[in-house]
Amino acid sequence: QVQLVESGGGLVQAGGSLRLSCAASGSIRIINDMGWYRQAPGNQRELVAVSTSGGGNHYADSVKGRFTISRDNAKNTVFLQMNSLKPEDTGVYYCNAEVVPDYTALTYNYWGQGTQVTVSS
């Protein structure tokens, strides 16, 4: 089994900052891409940022220049630094990881439980 546990959400005023963390644990052989998605009420889940296994980072246009994704491969952890937050950034943020468990050669997609981010105007 593989688990993703997020932390760092909360309530912040517009213009403020938050840092999200997501730690993967369990029967992990390899982690490929790790990323963050978010879902606002009434909306579909959307990609926010992804850190690829090749070292590249990709961002949604709406967060470019404000959010930074990083990862600590030794600790199987991915971070999302969110600056200059806007009310439209409000939503539940989900961590996602493409993992090869140590009991198989197949790649599986795992999700965290989500952490609420609320930005007040």
### Message
Could you report the chain's accessible area per residue, 1.4 Å probe, as an integer in Å²?
### Response
51 Å²
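Compactness ratio of the chain: Cα Rg over 2.2 N^0.38 Å, N = residue count?
1.04
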### Query
Looking at the chain, what % of its DSSP beta bridges pair antiparallel, to the nearest 5?
90 percent
### Query
Where the eigenvalues come from the Cα gyration tensor of segment 63-121, what are the semi-axes √(5λ) of the equivalent ellipsoid, largest first, in whole Å?
28, 13, 8
## Note on the structure
Non-local residues with an amide H under 5 Å from the amide H of I28, with H modelled 1.01 Å from N and Pro and chain starts lacking one, are D102
### Kirkwood hydrodynamic radius over Cα pairs of segment 1-69, then Stokes diffusion coefficient at 25 °C and 0.890 mPa s, in µm²/s
177 µm²/s
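Arrange the peptides 16-27, 63-74, 103-114 so that the one whose residues have, on average, the most other Cβ atoms within 10 Å appears first. Could you put the intermediate results ahead of the total?
Numbers: 16-27: 16.7, 63-74: 14.7, 103-114: 12.6.
Order by mean packing, descending: 16-27, 63-74, 103-114.
The values are calculated or read from the model by the stated rules, or taken from the named source; none is laboratory data. For clarity, every value in this text was computed on a predicted model and none was experimentally measured. Cβ coordinates were reconstructed from backbone atoms using ideal geometry, including for glycine residues, and neighbour counts include every protein chain displayed. Just the protein is used for accessible areas: all its heavy atoms, side chains included, with ligands, DNA and RNA removed. Shrake-Rupley method; radii C 1.70, N 1.55, O 1.52, S 1.80 Å.
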